[in-house]
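The values are calculated or read from the model by the stated rules, or taken from the named source; none is laboratory data. If you're wondering where the values come from, they're calculated on a predicted model, not measured in any experiment. No Cβ is skipped: glycine too gets one built from the backbone with ideal geometry, and neighbour counts run over all protein chains shown.
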Amino acid sequence: MKKTKLNLSMILMAIAMILPLLDGNIQAAEGKSVQKPNIVHIVADDLGWKDVGFNGATDIKTPNIDALAKGGAKFSQFYVQSMCTPTRAALMTGRYPFRYGLQTIVIPGPAGYGLDTSEYLLPQTLKDAGYTTAIIGKWHLGHADIKYWPKQRGFDYQYGAMIGELDYFKHSDAGVLDWFRNNKPVKEKGYTTQLIGADAVKYINDQGKDRPFYLYLTFNAPHTPYQAPQNYIDRFKEIAEPTRRTYAGMVSCLDDEIGKVVAALDEKGLRENTLIIFHSDNGGTKNAMFAGQMADLSKTVLPCDNGPYRDGKGSLFEGGSRVAACANWPGHIKAQTVDGIIHAVDFYPTLTALAGASTSKCKPLDGLNMWDTIAEGKDSPRTEVVYNVEPFRGAVRQGDWKCIWRSLIPTSVDLYNLAEDPYEKNNLAKQHPEKVAAMQDRINALGAEAAKPLALMYVAKVGLAHGKPAMASEDGKGAVTVEPDGHSITDEGVGDHDIAH
């Protein structure tokens, strides 16, 4: 018999051919999918906790979202940040927004800052693992400089709005168009919710089974301004309050578009290998101060319903951060209510693990891999939630205990046991001073790790910038103007003349 001489290259080639087969057999034996899942991550905007049927809404019908919840995991303790920009930053980074300065309010339209470009975002990590990536809808993580835009941050395809609030029919704010496809402005007619849904359906129809995709589908509904097509408003004639009626139409339209997206996945043969996630970016608006800037809503009956949870968007109470949420993947997620604590930052490590993606390029993640909790309802590994850390307030949850600390004078502190009092009616701070002190120490420690809030720096710069004084006059003719003398004024009204160099 003739002997065959094996060299090292032949051995390595054989191993390279065999290992994937062995790995596939092992995964099949364990009942796991060899194929990487498609991911459709749907985010609603300012949706009330109880404004979906699966959380008890009776006047608003959401059959398509309810079907996802019924057939998958309905989350009872899913947390986000209490405002839009911070939540979206948490989703994209897997890190709490206080770490990079996006913890306070949202990015205002006139502001020039955005999500730190040194953060390695979820779509970048998924692209490294072979995914094609798309954002269809709202971004709100930086708009004044193109370096902050989605196409520059890991998304192969982009369609929708860059800022946080826009007219649903004109696609603009204060006369400025905010509607783009792949960085180029788009002028078209249509209602944004329906345009976003239609584009998502088209995107799905363009996908094949040979490469997984991540679709970040971010509707601006039902954020202010409260606008809906008349035929959707007419669906809810039994709702007497006009703003609630319009809001119901907005949510109903959102639900219809989600239904079309799910149908497209079915028709394309992609549904069985697609994980669908749905949640709001924060609680429903209960305070007109957080309702947007396009219209004065101080005298409007705000339409959102957060059910039994206290307060809403912008607050540190449960109504601001505990939101409607569910996940659905046929054959992989049990139909059940998941009571374990999950936070928005957890999606980064969870999704990258499912995708077989490396997180080595990321900064240290705050998120935890929650797949066993989501899929099987197993105990959550998360024991702490950081609601927020700002110079003037902070809140954390540790186990069942939640502490809210407002550090501005006069200071105040709230302590709740959420297992016994999830609706935050009984402040136990005076009864448990040791617990308060320990949790305040934790908030202080987190504060020491925090970056300066970019929003406060922006507001201070704008508010304290030197400009023309708003001077009154007795005769009503306004201020008397004179030629500037180059005088430099201090707070005390004294100073030296500037010297030109």
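For the stretch 406-424, check the following and say yes or no: at least one residue is in contact with a Leu (Cβ under 7 Å, 6 or more places away or on another chain), crowded, with 18+ Cβ neighbours inside 10 Å and over 30 Å from His332 (Cα atoms). Write out each step before concluding.
To start, the set of residues in the stretch 406-424 that are in contact with a Leu (Cβ under 7 Å, 6 or more places away or on another chain) comprises 415-417.
Imposing the further condition that a residue be crowded, with 18+ Cβ neighbours inside 10 Å reduces the set to 415-416.
Cutting the leftovers down to over 30 Å from His332 (Cα atoms) gives us 415-416.
The answer is yes; a qualifying residue exists.
Looking at Ile233, Ile258, Ile204, Ile196, which one is farther than 30 Å from Gly356 by Cα and assigned by TED's automatic domain parsing to the domain that holds Leu354? Before you say what the answer is, go through the steps one by one.
Values: Ile258 fails: farther than 30 Å from Gly356 by Cα; Ile204 fails: farther than 30 Å from Gly356 by Cα; Ile196 fails: farther than 30 Å from Gly356 by Cα.
Criteria check complete, one pass: Ile233.
Among the numbered criteria (1) surrounded by fewer than 21 Cβ atoms within 10 Å (Cβ to Cβ); (2) in a helix (DSSP H, G or I), which single criterion is violated by His41?
(2)
State whether one or more residues within the stretch 340-359 are in the same structural domain as Ile277 (by TED's automatic domain parsing) and of a type in the set (D, E, K, R). Write out each step before concluding.
Initially, the stretch 340-359 is screened for residues in the same structural domain as Ile277 (by TED's automatic domain parsing), giving 340-359.
From what is left, the residues that are of a type in the set (D, E, K, R) are 346.
Yes, the stretch 340-359 has at least one match.
Return yes or no: is Tyr120 modelled with pLDDT of 95 or more, farther than 18 Å from Thr192 by Cβ and of a type in the set (Ser, Thr, Tyr)? Reasoning before the result, please.
Values: modelled with pLDDT of 95 or more: yes; farther than 18 Å from Thr192 by Cβ: yes; of a type in the set (Ser, Thr, Tyr): yes.
When the stated conditions are applied, Tyr120 passes them.
Of the residues Tyr423, Tyr458, Tyr416, which is among the hydroxyl-bearing types (Ser, Thr, Tyr) and within 21 Å of Pro110 (Cα to Cα)? Show your work before the answer.
Details: Tyr423 fails: within 21 Å of Pro110 (Cα to Cα); Tyr416 fails: within 21 Å of Pro110 (Cα to Cα).
Exactly one of Tyr423, Tyr458, Tyr416 is among the hydroxyl-bearing types (Ser, Thr, Tyr) and within 21 Å of Pro110 (Cα to Cα), namely Tyr458.
Does the stretch 367-382 contain any residue that is more than 30 Å from Gly71 (Cα to Cα) and among the charged types (D, E, K, R)?
Initial filter on the stretch 367-382 (more than 30 Å from Gly71 (Cα to Cα)): none.
No, the stretch 367-382 has no match at all.
Would it be correct to say that Asn38 is over 24 Å from Asp379 (Cα atoms) and modelled with pLDDT of 95 or more?
Numbers: over 24 Å from Asp379 (Cα atoms): yes; modelled with pLDDT of 95 or more: yes.
It is true that Asn38 is over 24 Å from Asp379 (Cα atoms) and modelled with pLDDT of 95 or more.
Taking the condition touching a Phe, Trp or Tyr at 6+ places or on another chain (Cβ under 7 Å) and either of a type outside the set (S, T, N, Q) or under 14 Å from Gly320 (Cβ atoms) (or both), does Lys74 pass?
Yes: the conditions hold for Lys74.
Given the conditions (1) hydrophobic (A, V, I, L, M, F, W, C); (2) in contact with a strand residue (DSSP E or B) (Cβ under 7 Å, 6 or more places away or on another chain); (3) at pLDDT below 95, which single one is not true for Leu418?
With (1) hydrophobic (A, V, I, L, M, F, W, C); (2) in contact with a strand residue (DSSP E or B) (Cβ under 7 Å, 6 or more places away or on another chain); (3) at pLDDT below 95 applied to Leu418, the lone miss is (3).
Of the residues Leu316, Leu275, only one is under 26 Å from Leu121 (Cβ atoms) and at pLDDT 95 or above; which?
Details: Leu316 fails: under 26 Å from Leu121 (Cβ atoms).
Unique residue meeting the criteria: Leu275.
Please go through the stretch 97-135 and pick out each residue that is closer than 26 Å to Val389 by Cβ and among the β-branched types (Val, Ile, Thr).
Thr104, Ile105, Val106, Ile107, Thr117, Thr125
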